[in-house]
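What follows draws every value from the coordinates through simple rules; no lab data is involved. Keep in mind the model is a prediction, meaning the values are calculated, not measured. All Cβ positions, even for glycine, are placed from backbone atoms using ideal geometry, and neighbour counts span all protein chains on display.
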C-alpha cells in the first residue's frame with residue numbers, strides 16, 4: 001500500500017527529479033572518489049545544463065519546480081550556473 005499523492009507528486013515533478021538525481025550523483029561521485037572529483041563536478045554541472053534544456057523545452061506546468069520566473073531568466077540562470085561550476089572545477093584542477 002502506497003500513498004497515491006506521493007506517486008502523483010513524483011509524476012508531476014519528473015524533470016526536477018531527474019535534475020536532482022544527476023546533480024546528487026555528481027556530488028556523491030566526487031565525495032566517494034576524491035581522486036576523480038572533476039568528473040563529479042562535470043556531472044553536477046551537467047545537471048544544471050539539463051535543467052536549462054528542460055525549462056526551455058517544457059511548458060511551465062510540465063517544468064514543475066524548475067519553473068521559478070520567466071523562461072528566459074530561468075534558462076539563463078541554469079546555463080550560467082552550469083558553465084560557472086564547470087569552469088571553476090577546471091580552473092581549480094590546474
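Note on the chain: along the principal axes its Cα atoms extend 47, 38, 15 Å, ordered by decreasing extent. Our summary gives the chain a relative contact order of 28 percent, counting only alpha carbon pairs under 8 angstrom and 6 or more residues apart. With the simple spin-label model, which puts each label point 7 Å out from Cα in the Cβ direction, the residue 58 to residue 38 separation comes to 3.2 nm. Of 48, 88, the sequence from fewest to most neighbouring Cβ atoms within 10 angstrom is 88, 48.
A simple spin-label model places pseudo-atoms 7 Å from Cα toward Cβ; at residue 24 and residue 8 they are separated by 2.3 nm.
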